[in-house]
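Written out below as structure tokens is the structure these notes cover.
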Amino acid sequence: MYRFSLETVLKHRKHTEEVLQKAFVDKKRELLMAEESLASLEAVKMKNLSALHQKQQDGAGIWAVVLYDNYIRQISIKLSNQSNRIKELKHELSANRKELIEAMKRRKTLDRLKEKKWEAYKKTVERKEQIFLGETAINGFHRTNYSS
């Protein structure tokens with residue numbers, strides 16, 4: 001019966017890889033949501049800039065222009081913060097990707113070792129079977145030819 005001596009280590013590495021993969025997917029989802037939020041903020045800013053421009057052309061009062069201007073500034077600040085957050089998330093995602101790739105390499109190394117050990121075990125068993133069959137055939141030959 002074949003048993004890989006590093007099976008517990010391999011299971012641990014597989015588990016670690018799964019945890020890292022989940023973290024990577026979660027971070028990627030978070031990045032996509034942040035990018036969608038950024039696009040939404042940009043759309044709101046453009047809509048309000050257009051509305052401000054229209055108000056100015058229509059001769060709106062100073063208070064309306066100031067109100068729009070303040071709101072657009074607040075959106076610009078949120079845009080800047082969101083852009084910084086996206087850069088940070090991209091950096092974290094890159095680090096997660098590198099960590100995941102390393103975990104995959106470590107697991108694959110053990111998988112290849114396990115496969116090599118299995119092949120060596122199979123060859124050893126086959127060799128023992130051949131020796132046993134050879135000895136059985138020789139013993140049978142000796143019994144039939146020399147026992148009479």
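Under 19 Å Cα-Cα from K105, which aspartates and glutamates qualify once same-chain neighbours fewer than 8 residues away are excluded? Those aspartates and glutamates meeting the cut-off are E7, E17, E18, E115.
Sorting F132, F4 on solvent-accessible area from highest to lowest, probe radius 1.4 Å, gives F132, F4.
Taking the chain as a Gaussian network of alpha-carbon nodes connected by springs under 10 Å, the highest mean-square fluctuation of the residues E115, E99, E18 belongs to E115. Past the 32 Å Cα-Cα mark, which pairs from K11/K87; K55/K78; K27/K116; K45/K98? Violating the 32 Å Cα-Cα cut-off are K11/K87; K27/K116; K45/K98. For Rg/Rh (Cα atoms, Kirkwood Rh), the candidate list reads [x] 1.19; [y] 1.06; [z] 1.59; the entry that matches the value derived from this model is [z].
Using the Cα coordinates of segment 47-93, the gyration tensor eigenvalues translate into equivalent-ellipsoid semi-axes of 33, 9, 4 Å, sorted from longest to shortest. Rounded to the nearest 500, the helix-only mean residue ellipticity at 222 nm of the chain stands at -35000 deg cm²/dmol, with each DSSP H run of n ≥ 4 adding -39,500 (n - 2.57).
Relative to the dominant Cα principal axis of the chain, helix 7-58 is inclined by about 20°.
Computing the accessible area with a 1.4 Å probe over protein heavy atoms, can you report the carbon and sulfur percentage for segment 4-99?
Values: 3890 of 6840 Å².
Accessible surface attributable to carbon and sulfur in segment 4-99 totals 57 percent.
The modelled label-to-label distance for the pair N84/D69, using points 7 Å beyond Cα in the direction of Cβ, is 2.5 nm.
The coefficient of translational diffusion for segment 4-80, derived via Stokes-Einstein from the alpha carbon Kirkwood radius under 10 °C and 1.306 mPa s, stands at 98 µm²/s. For M46, M104, the ranking by accessible surface with the largest value first comes to M46, M104, using a 1.4 Å probe.
For the chain, find the longest principal axis of its Cα atoms and tell me its angle to the long axis of helix 62-146, 0 to 90°, nearest 10. It works out to around 0 degrees.
Solvent-accessible surface of segment 1-105, averaged per residue with a 1.4 angstrom probe and all protein chains in place: 73 square angstrom.
For the set S94, S40, the ranking by accessible area, highest first and with no ligand, DNA or RNA atoms included, is S40, S94 under a 1.4 Å probe.
Take the convex hull of the alpha carbons in segment 97-148; its mean projected area over all directions comes to 3.0 nm².
The values are calculated or read from the model by the stated rules, or taken from the named source; none is laboratory data. None of the values given here were measured: they were computed from a predicted structure. Cβ sites come from the backbone with ideal geometry, for glycine too, and all protein chains shown count toward neighbours. Heads up: the accessible areas ignore ligands, DNA and RNA and are worked out on the full protein's heavy atoms, side chains in. Shrake-Rupley method; radii C 1.70, N 1.55, O 1.52, S 1.80 Å.
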